[in-house]
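What follows is one structure encoded as structure tokens, with my remarks underneath.
The values are calculated or read from the model by the stated rules, or taken from the named source; none is laboratory data. All values reported here derive from a predicted model rather than from experimental measurement. With ideal geometry, Cβ positions are generated from the backbone for all residues, glycine too; neighbour counts draw on all protein chains shown.
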């Protein structure tokens, strides 16, 4: 691929390719319309211009032309939020060390630095440029850096990643991005609109065909063979989808070569070994970040709990510091994932990129030992907290912040209390209906007292019912009620055990995020005690006895099992 090492030298072949693909999209519609007109003129000047077949052809041309004009020229994509950029802007005054490093890397890459740096919650770094006149005029440049890269990479490895992105500037790759993406967006919108309309048309035709068949069968006549027909949108979607595939094959092939070229810039700027190490670390870091977001960052979200400010993203450092997680990362570092190549990949397989980099001759720089790249940030927790507010929105302001070591316990207790709330409400309602004075808000003791008084059926009947339970009767209804009562009673019992120190949940960075600790023998005694409480006749004594022993000290709790929050 012809390219330049400096961004001042524009790469003409790529510009022409991007321009041709965009122009081809806009020319495709007129070409289809011209073909329809040509076909109609051929029929009109033929020997039978007004037969049933000819009239059907004219009608088909009108239908296709109407659909084409309506979808391609009269439908516009949603522009809402188009100017809203993701991420937290980091100014030179706020983050001078990061800006100094990026400017030094840009100088080494022989390109102008970005005008803006934004922090994003991702395992990625991206550069964009608001180029004008189809890339002939350089525009405002922005660099997006992911929090996970800052936390999980060393300084030299982050240098390699940023140098790779700056290499796209140096090679003028970003100049063409606006033109290429404009064409892709237009094609995606058109194909999506046509496909949706075609599916709706076919479904409508099939419903009408089924209704006609039902009417014929009702009159004792055989149903017609075949269902609904395909409308003009279906065939237009096929044409535009084929052009979209052609465009992707052309542009993605160029994109893959651009990635190799940007890797060479990273090697020149940051060194061969640092570049290879950064590339090797990315799959493991991506897996760790996905695990962290899924199992840890939102651990208490449903119960309106969050880790301390800055830790929604920053807590990834705690996961990566765990010994077992480090070993998993080291294993991922050694064995790169094997990816199947397709013509539509925007990036070459990572293993191939690493192999190309590691095959280069040694440059004598090695991969220097260094601490996490996040040290470049001033006030890391404050910066991550600002990103949290930007990403999570106003909902996060209403949530309670809990230290990591307390978060699993508070989240699990809140989840069980939420599950037990219908039982507490039903107990209060049943007591009011029976004119029983409770003397305060009901708790586990109140529920057990009313069970001993024979009021379990009345309480269970007031619990929320599923559709199956609501429609059941007799013995089935009683079993539904018994099961719902037991489930809610278990949740309430667990809350009471947690409040008396007999159950506690702790955080685990090595396995499932929540580990439950209980007093010895509690796990074995709990389920039989619940079964006794809902038996006929009920026996609540085993459940009450769980609370008769003195609360244990912290070291008397033992792990009974591990589980994740629902």
**Request:** Tell me, yes or no, whether segment 179-190 has at least one residue that is at pLDDT 75 or above, within 27 Å of residue 242 (Cβ to Cβ), surrounded by 14 or more Cβ atoms within 10 Å (Cβ to Cβ) and over 29 Å from the mean Cα position of the chain (by Cα).
**Result:** no
**Asked** Restricted to segment 369-396, and to residues that are part of a loop (DSSP other than H, G, I, E, B) and surrounded by 13 or more Cβ atoms within 10 Å (Cβ to Cβ), which residue is modelled with the lowest pLDDT?
**Response** 370
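Based on this model, can you work out whether residue 244 counts as more than 15 Å from residue 195 (Cα to Cα) and either in the same structural domain as residue 72 (by TED's automatic domain parsing) or modelled with pLDDT of 85 or more (or both)? Break it down into steps so the answer makes sense when it comes.
Working: more than 15 Å from residue 195 (Cα to Cα): no; either in the same structural domain as residue 72 (by TED's automatic domain parsing) or modelled with pLDDT of 85 or more (or both): yes.
Considered against the rule, which asks whether it is more than 15 Å from residue 195 (Cα to Cα) and either in the same structural domain as residue 72 (by TED's automatic domain parsing) or modelled with pLDDT of 85 or more (or both), residue 244 comes out as no.
One line per residue, one yes/no per condition, for (1) touching a helix residue (DSSP H, G or I) at 6+ places or on another chain (Cβ under 7 Å); (2) farther than 25 Å from residue 100 by Cα:
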{"position": "348", "(1), (2)": "yes, yes"}
{"position": "351", "(1), (2)": "no, yes"}
{"position": "356", "(1), (2)": "yes, yes"}
{"position": "377", "(1), (2)": "yes, no"}
{"position": "391", "(1), (2)": "no, yes"}
{"position": "401", "(1), (2)": "no, yes"}
{"position": "408", "(1), (2)": "no, yes"}
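Could you please let me know if residue 165 is at pLDDT 80 or above, closer than 11 Å to residue 128 by Cα and in a helix (DSSP H, G or I)?
On the way: at pLDDT 80 or above: yes; closer than 11 Å to residue 128 by Cα: yes; in a helix (DSSP H, G or I): yes.
For residue 165, the condition - at pLDDT 80 or above, closer than 11 Å to residue 128 by Cα and in a helix (DSSP H, G or I) - is met.
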**Asked** Does at least one position in segment 76-85 carry a residue that is modelled with pLDDT of 70 or more and within 33 Å of the chain's Cα centre (by Cα)?
**Response** yes
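Can you tell which of 385, 359, 373 is free of Cβ contacts under 8 Å to residues at least 40 places away in the same chain and not assigned by TED's automatic domain parsing to the domain that holds residue 443? It would help to see each step written out before you state the result.
Working: 385 fails: free of Cβ contacts under 8 Å to residues at least 40 places away in the same chain; 373 fails: free of Cβ contacts under 8 Å to residues at least 40 places away in the same chain.
From the options 385, 359, 373, the qualifying one is 359.
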